[in-house]
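Engineer: Handing you this structure, nothing more for now.
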Amino acid sequence: MDFRLTPEQEQLADSVRRFAEKHLAPGALERAHKPDYPWQVSRLMAQQGLLGITIKEADGGQGGVLMDAVLAIEAIAASCPRSADVVQAGNFGPIRVLAEYGSDLHKKKFLSRLLAGEGVISVGMTEPEAGSAVTDLRTTAIPDKGGYRVRGSKIFVTHSAYADLVLTYVRFGEGVGGIGSVLIETKAIKRGKPSAFMSGEEWAELHFDDVFVPEEMVLLKEGGFKKQIAGFNVERIGNAARSLALGRYAFEQARQWALQRKQFGRLLCEFQGLQWKFADVKLKLDAAQLLLYRAAANADRGFPSAEETALAKLACNQAGFDAANEALQVMGGTGYSQGSLVEYCLRRCRGWMIAGGSLEMLKNRVAEGIFGRSFPQRPE
Ligand SMILES: Cc1cc2nc3c(=O)[nH]c(=O)nc-3n(C[C@H](O)[C@H](O)[C@H](O)COP(=O)(O)OP(=O)(O)OC[C@H]3O[C@@H](n4cnc5c(N)ncnc54)[C@H](O)[C@@H]3O)c2cc1C
């Protein structure tokens, strides 16, 4: 066993870090406070080969492994926390599921635009009556001459206010076995008025009023739910990596602050009460990073295991939030003000404790592994 990165991984992380310091550190604060997608960053990252890192070269990607994409998130977030979302969108989210299960037509029609950083794809799972219990989803796909009519609505979907395409979870029939997914361009969807998450990112309700979806735009037919969720574990790794990376960003800001801010005639770093905060946070961040790297490295070119992903996401979501929260405390009024990115990191990290499988749902998953049995959450 070797806990060090390989020379190639070191090289990748260094070159992405240098790119981010040069091109993304300037403007990082403004970017964090804009509700829309950072399209300029997206195009720049495409040119730099940072979109499609884990997608096959034959499909227009870089042919790398999941760990490479995790390193890219860390290196980007160290200079610009908001830009880490572009790495997520171009590598970990529904784009990866599309690349894995999509037909040649899907790839030809959508993938090249997404990999060029010109468009973004959302995943629409959550509905007003189906949040944690996602298999309760009611959006239906009813057969209709050469395709399906999709009816229903989705909420809280990341990028929904400006995405071009939605990988939409739908119900072809009854039960979990009836769930699959279709690709729907947003021009066919009625979007509600944009709302904002606590992070400032905008989302819009998506309404499907009998939208016609031709047969060839089905991604996974009924019976596809397990495959979709297996792919969704990649999204969770990206969510975990961003939590950890934003926690580290905040930690670093607070560390530098404590090295130069004086009170009572002493530097903050000389107070033991604060030193112990830093030690506790470093312990959490490093421990979470090991779980994240284990899940990502073991996935190699495939999808990560559900249990390793759940543990990694739990640890990183909690560590990232705690790190940002303690960093804010160490920085006092400066940390609580919008002139510092620390309060932004705190708001972002809070959301990832809910998105992509809440902490509670992940603990349920871990408990099933511990006891070797399932615990149905529904009443008999
Ligand atoms: C920042 C952000 C981004 C998101 N992006 C997307 C996206 O791109 N696409 C998308 O489809 N959705 C997205 N979501 C929605 C997200 O998936 C849901 O918010 C999440 O699944 C929880 O559903 P809910 O909000 O309806 O809460 P509920 O399911 O109502 O849960 C409320 C609380 O009860 C807890 N709870 C529920 N059931 C159990 C149980 N069995 N055991 C223990 N505790 C339980 C939950 O953990 C939670 O704390 C996003 C959400 C956020 C916050």
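The values are calculated or read from the model by the stated rules, or taken from the named source; none is laboratory data. Bear in mind the structure is a predicted one, so any value in this text is a computation, not a measurement. Heavy atoms of the whole protein, side chains included, go into the accessibility calculation; ligands, DNA and RNA do not. Shrake-Rupley method; radii C 1.70, N 1.55, O 1.52, S 1.80 Å.
Engineer: Percent relative contact order of segment 255-324, based on C-alpha pairs within less than 8 angstrom and at least six residues apart?
Structural biologist: Numbers: 49 pairs, mean separation 18.9, N = 70.
Rounded, it is 27 percent for segment 255-324.
Engineer: Further question on the same structure: Over the Cα atoms of the chain, what is the Rg over Rh ratio if Rh follows Kirkwood?
Structural biologist: Working: Rg = 20.9 Å, Rh = 21.4 Å.
Here Rg/Rh amounts to 0.98.
Engineer: Take the solvent-accessible surface of the protein heavy atoms, probe 1.4 Å, and return the percent of it on the chain that carbon and sulfur atoms account for. If you can, show how the numbers build up before the last one.
Structural biologist: On the way: 9300 of 17750 Å².
Summing carbon and sulfur atoms, their accessible area is 52 percent of the total for the chain.
Engineer: Compute the convex hull volume of the Cα atoms of segment 314-375, divide it by the residue count, and report the result per residue in Å³ as a whole number.
Structural biologist: On the way: hull volume 4.3 nm³, N = 62.
Expressed per residue, the convex hull around the Cα atoms of segment 314-375 is 70 Å³.
Engineer: Over 31 Å between C-alpha atoms is what I'm after, so list which of Lys34/Lys262; Lys193/Lys277; Lys227/Lys313 land there.
Structural biologist: Numbers: Lys34/Lys262 33 Å; Lys193/Lys277 42 Å; Lys227/Lys313 19 Å.
Check vs 31 Å cut-off fails for Lys34/Lys262; Lys193/Lys277.
Engineer: Continuing with the same structure: Running a GNM on the chain with Cα contacts under 10 Å, which residue among Asp136, Asp68, Asp144 ends up with the highest mean-square fluctuation?
Structural biologist: Between Asp136, Asp68, Asp144, it is Asp144 that shows the largest mean-square fluctuation.
Engineer: Label segment 85-244 by shape, choosing from rounded, prolate and oblate, from the square roots a ≥ b ≥ c of the eigenvalues of the Cα gyration tensor; if a/c is under 1.5 it is rounded, and otherwise prolate applies when a/b is larger than b/c, oblate when it is not.
Structural biologist: Numbers: a/c = 1.34, a/b = 1.22, b/c = 1.10.
Rounded shape, in that the Cα axes give a/c under 1.5.
Engineer: GNM, the chain, Cα, under 10 Å: largest mean-square fluctuation among Thr139, Thr334, Thr126?
Structural biologist: Of Thr139, Thr334, Thr126, the most mobile in the Gaussian network model is Thr334.
Engineer: From the square roots a ≥ b ≥ c of the eigenvalues of the alpha-carbon gyration tensor of segment 16-81, which class results: rounded (a/c under 1.5), prolate (a/b over b/c), or oblate?
Structural biologist: Numbers: a/c = 2.30, a/b = 1.72, b/c = 1.34.
Prolate.
Engineer: Next question. For the full complex of protein chains and a 1.4 angstrom probe, list Phe172, Phe19, Phe264 by accessible area with the highest value first.
Structural biologist: Values: Phe172 35, Phe19 15, Phe264 190 Å².
Output order, biggest surface exposure first: Phe264, Phe172, Phe19.
Engineer: Given a cut-off of under 8 Å on Cα pairs at least six residues apart, what relative contact order in percent is computed for segment 54-213?
Structural biologist: On the way: 283 pairs, mean separation 28.0, N = 160.
About 18 percent, as a whole number.
Engineer: At 1.4 Å probe size, with every protein chain present, just tell me what the per residue accessible area of segment 257-380 comes to in Å². Before the final figure, lay out the partial values.
Structural biologist: On the way: 6840 Å² over 124 residues.
About 55 Å² of surface per residue is accessible.
Engineer: Further, regarding this structure: What list of ³J(HN,Hα) couplings, whole Hz, do you get for segment 115-126 from phi and the Karplus terms 6.51, -1.76, 1.60, once you set θ to phi - 60° and write x for glycine and proline?
Structural biologist: For segment 115-126, the Karplus-derived couplings read 6, 7, x, 8, x, 9, 10, 10, 10, x, 10, 5 Hz, x marking Gly and Pro.
Engineer: A follow-up question, please. Does segment 151-216 classify as rounded, prolate or oblate by the C-alpha gyration tensor (a ≥ b ≥ c root eigenvalues; a/c under 1.5 gives rounded; else a/b over b/c gives prolate, otherwise oblate)? Present the calculation step by step, with values, prior to reporting the outcome.
Structural biologist: Working: a/c = 2.31, a/b = 1.68, b/c = 1.38.
Here segment 151-216 falls in the prolate category.
Engineer: Something else about it: When the helix-only estimate is applied to the chain (DSSP H runs of n ≥ 4, each -39,500 (n - 2.57), divided by the residue count), what is the mean residue ellipticity at 222 nm, nearest 500 deg cm²/dmol?
Structural biologist: Helix contribution divided over all residues of the chain: -15000 deg cm²/dmol.
Engineer: Which aspartates and glutamates, if any, have their Cα less than 18 Å from the Cα of Lys282, not counting same-chain residues under 8 positions apart?
Structural biologist: Glu74, Glu252, Glu270, Asp322, Glu326
Engineer: Can you give me the span-like helices of the chain, meaning DSSP H runs with 27 Å or more of Cα extent along the axis and Kyte-Doolittle mean at or above -1.0?
Structural biologist: Working: long enough: 225-260 (52 Å, -0.34); 272-299 (41 Å, 0.09); 306-330 (35 Å, 0.09).
Sorted by number, the helices that extend far enough and score high enough are 225-260, 272-299, 306-330.
Engineer: Provide the solvent-accessible area of Ser132, counting protein heavy atoms only and rolling a 1.4 Å probe, rounded to the nearest 10 Å².
Structural biologist: 80 Å²
Engineer: Would you list, by chain and number, the aspartates and glutamates whose Cα falls below 17 Å from the Cα of Lys107, excluding same-chain residues fewer than 8 positions away?
Structural biologist: The reachable aspartates and glutamates, counting only those whose Cα sits under 17 Å from Lys107, are Glu57, Asp59, Glu118, Asp164, Glu185, Glu215, Glu216.
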